[in-house]
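Written out below as structure tokens is the structure these notes cover.
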Amino acid sequence: MSSRPLIVRIRNLFKSYRRGSQMLPVLNDISLDIEEAEFMALMGPSGSGKTTLLNLIAGIDRADSGTITVGGLDITTLSETELAGWRANHVGFIFQFYNLIPVLTAFENVELPLLLSGLSKKERISHVETALRMVNLSDRMDHYPGQLSGGQQQRVAIARAVVTDPTILVADEPTGDLDRVSAEDILELMERLVHELGKTVIMVTHDPRAANKAHVISHLDKGVLNARPQADF
Amino acid sequence: MHVLKLIFKNAFRHKLRTFLTVLGVTIAILAFGLLRTVISAWYAGVEASSASRLVTRNAVSLIFPLPLSYREKIRQIEGVKGVSYGTWFGGIYIDEKNFFANYAMEPKTYLEMYPEIIIPPDHMAAFLRDRKGAVAGRKLVERFGWKIGDIITLKGTIFPGNWDFVLRGIYRGRDNTVDETAFFFQWDYLNETLKKAGRSWTGQVGWYLIVIRDPGIAADVSLRIDKTFKNSLAETLTETEKAFQLSFIAMSEAIVIAIQLVSFVIIFIIMAVVANTMAMTARERIGEYAVFKTLGFGGLHISGLIFGESMVITMTGGVLGILLTFPAAKIFSETLSAYFPVFNVATETIYMDIAASFLVASIAGIFPAWRAVNIRIADGLRRIG
């Protein structure tokens with residue numbers, strides 16, 4: 001293993017869901033370290049808790065107990081409002097179904113997270129243009145999501161995720177809705193984010209080909225985690 | 001920038017649904033505005049009444065007359081500046097459906113007491129010269145296409161027979177609160193004709209109209225007048241012109257209350273319609289709201305989007321409803337001028353329309369906004385795909 005600084009540190013994390021009168025444990029005493037500029041894949045069967053773990057790291061769900069420290073801050077201690085502000089500044093999200101706002105253009109979708117940043121309009125335009133250039137969609141910035149292919153929509157979503165220069169990027173099945181060629185494009189783009197921009201990427205996937213792009217593959221099964229570094233990391 | 005664009009684009013995403021909702025709000029605000037105008041029209045006489053005018057009538061009922069001899073006694077009472085009198089004639093022009101107010105009055109003094117009624121001097125002079133002369137309001141003249149010099153025959157209901165009048169004057173109101181559909185003629189003509197025929201009501205009047213020196217002494221003067229005729233054959237009841245008008249409205253108060261209730265029911269119904277639209281909208285977009293929350297947008301932003309959309313839809317309908325109220329009121333006024341001589345859309349009605357639209361939009365947005373703000377992001381995201 002390399003000795004890069006830790007960006008995510010999880011200790012003794014428990015999470016369960018209530019179903020009727022029953023409590024169903026989803027994550028059971030999870031401890032995990034993720035280094036800066038690491039590309040981690042979270043794998044596991046359906047219902048194993050991988051999306052739940054991703055949501056907890058991204059601050060969109062609450063753990064029952066345990067600590068999640070991201071960039072030195074224990075996010076389990078934050079209020080909802082603080083957590084919303086923290087997400088806006090520190091987390092970039094890439095979803096399986098892109099989750100772009102259909103009535104906004106590619107440019108406006110990417111600009112959306114910057115509206116909370118306090119940047120001037122000129123600065124926002126510059127950031128958005130840079131992000132869209134990086135995903136090779138400079139010529140599509142005035143297109144609406146409905147006018148773009150699935151791969152292009154996911155690239156817009158990636159531009160939206162990186163435009164605020166977040167601490168971590170979380171991706172939930174980012175290639176799950178794409179054909180093989182588009183999926184390859186997206187994975188290459190994510191690799192570039194890690195190698196060229198030094199971003200930390202945590203990706204949930206079912207696809208072994210996608211997972212093979214990662215430095216570390218962690219397997220979750222019945223709420224228990226097993227991490228396995230890839231040979232070339 | 002984006003937020004406003006987003007609100008407008010969201011509002012018109014489902015064009016048919018939005019169109020139907022806007023149409024519903026338009027019709028509701030139009031109906032609300034018209035009903036409020038009907039209520040205002042009901043009170044138009046009260047609004048137009050003067051605080052310095054009193055009306056004295058028979059204490060038993062308005063249908064019983066008062067002797068003309070009371071005139072001089074009333075004039076001598078302290079605080080009285082002028083006295084005139086009139087009698088309700090209740091004549092029918094050709095057919096009962098052509099109803100308009102028509103009454104006999106002492107021509108010179110009566111019209112002097114109503115500075116809001118404007119008659120050209122030559123019309124007034126011609127009216128005073130001709131015992132069978134009559135003066136009609138501008139709207140009434142337009143309604144029947146009368147011209148100066150026309151002979152107008154009214155069929156008497158209280159005073160039987162056909163009564164011919166010569167139109168000598170046309171009056172107009174000082175402003176749009178004045179009834180321009182009334183018909184006046186000389187009391188002397190009525191009295192002399194009744195006298196010749198040897199009928200009752202000779203030397204009797206329906207009411208006295210009194211102008212006082214100061215509106216502040218209205219109560220005292222009223223008491224003095226009624227005290228003067230206490231224990232006489234025709235005891236009097238004196239009240240301000242406003243109270244006199246209100247006593248007429250009191251007879252139909254149940255109808256006014258019913259109209260008021262219906263106007264509020266309409267707003268309640270449209271509130272439910274808009275709330276349903278907003279609930280459907282928010283349910284469909286719960287995933288999008290979850291994305292917004294994921295990106296760091298707070299409850300205030302999400303609520304703003306929902307309330308904004310509700311405002312756009314409701315206010316579009318509200319503005320259209322208000323704009324349509326004016327031509328609709330004009331048609332209404334022309335069709336029902338016999339019943340509502342003054343039918344103006346009041347400024348207060350427009351304010352009530354705006355307030356109603358705002359209330360509908362706000363209340364319709366409460367539940368969807370609460371739901372969108374409180375849904376867990378993870379649950380919201382699960383709705384996508």
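As an exercise, use a Förster radius of 22 Å and the Cβ-Cβ distance of A:Glu188 and A:Glu129 to find the FRET efficiency, rounded to the nearest 0.05.
Computed FRET efficiency for A:Glu188 and A:Glu129: 0.55.
Straight-distance candidates among the lysines for linking to B:Lys81, with alpha-carbon spacing under 26 Å and chain neighbours fewer than 8 residues away dropped: B:Lys73, B:Lys108, B:Lys227, B:Lys230, B:Lys242. Grouping the Cα pair distances of chain B into 10 Å bins from zero gives a pair-distance distribution of 5, 19, 22, 17, 12, 10, 9, 5, 2, 0 percent in increasing distance order. Note on A:Ser65 and B:Phe12: with the Förster distance fixed at 45 Å, the Cβ-Cβ geometry gives a FRET efficiency of about 0.45. Only beta bridges with both residues in the protein assembly as shown are counted; by DSSP, about 70 percent of them are antiparallel.
Extension gain for B:Ile366 to B:Asp214 (0.36 nm times residue separation, less C-alpha to C-alpha distance): 49.4 nm. Where a ≥ b ≥ c are the square roots of the eigenvalues of the C-alpha gyration tensor, would you call chain A rounded, which needs a/c under 1.5, or, failing that, prolate if a/b is larger than b/c, or oblate? Prolate shape, in that a/c is at least 1.5 and a/b is the bigger ratio. Pick from B:Gly145, B:Gly86, B:Gly318 the residue whose mean-square fluctuation is largest in a GNM of chain B, springs joining Cα atoms under 10 Å. Residue with maximal mean-square fluctuation among B:Gly145, B:Gly86, B:Gly318: B:Gly145. The relative contact order of chain B comes to 29 percent, based on Cα pairs under 8 Å that sit 6 or more residues apart. Calculate I(q)/I(0) for region B:60-234 by the Debye formula, one identical point scatterer on each C-alpha and no solvent, and give its log10 at q = 0.08, 0.10, 0.14 Å⁻¹ to two decimals. For region B:60-234 at q = 0.08, 0.10, 0.14 Å⁻¹, log10 I(q)/I(0) is -0.26, -0.41, -0.80.
Taking a spot 7 Å from the Cα of A:Glu36 along the direction of its beta carbon, which residues of region A:157-198 have an amide N less than 11 Å from it? Within reach of a label on A:Glu36: A:198. Translational diffusion coefficient of the protein assembly as shown (Stokes-Einstein, Kirkwood radius from Cα pairs, 20 °C, 1.002 mPa s): 69 µm²/s.
Using Cβ point charges alone (K and R +1, D and E -1), the dipole size of the protein assembly as shown about the Cα centre works out to roughly 1500 debye. Among B:31-39, B:18-26, B:123-131, the peptide with the highest mean count of other Cβ atoms within 10 Å heads the list, and the full ranking is B:31-39, B:18-26, B:123-131. Assuming a ≥ b ≥ c are the square roots of the Cα gyration tensor eigenvalues, decide whether region B:229-305 counts as rounded (a/c under 1.5), prolate (otherwise, with a/b larger than b/c) or oblate. The shape class here is prolate.
Every read-out reported here was derived from the displayed coordinates using simple, explicitly stated rules and does not represent laboratory data. Just so we're clear, the structure is a prediction, and the values are computed from it rather than from any experiment. Here Cβ is always computed from backbone atoms with ideal geometry, including for glycine, and neighbour counts include all displayed protein chains.
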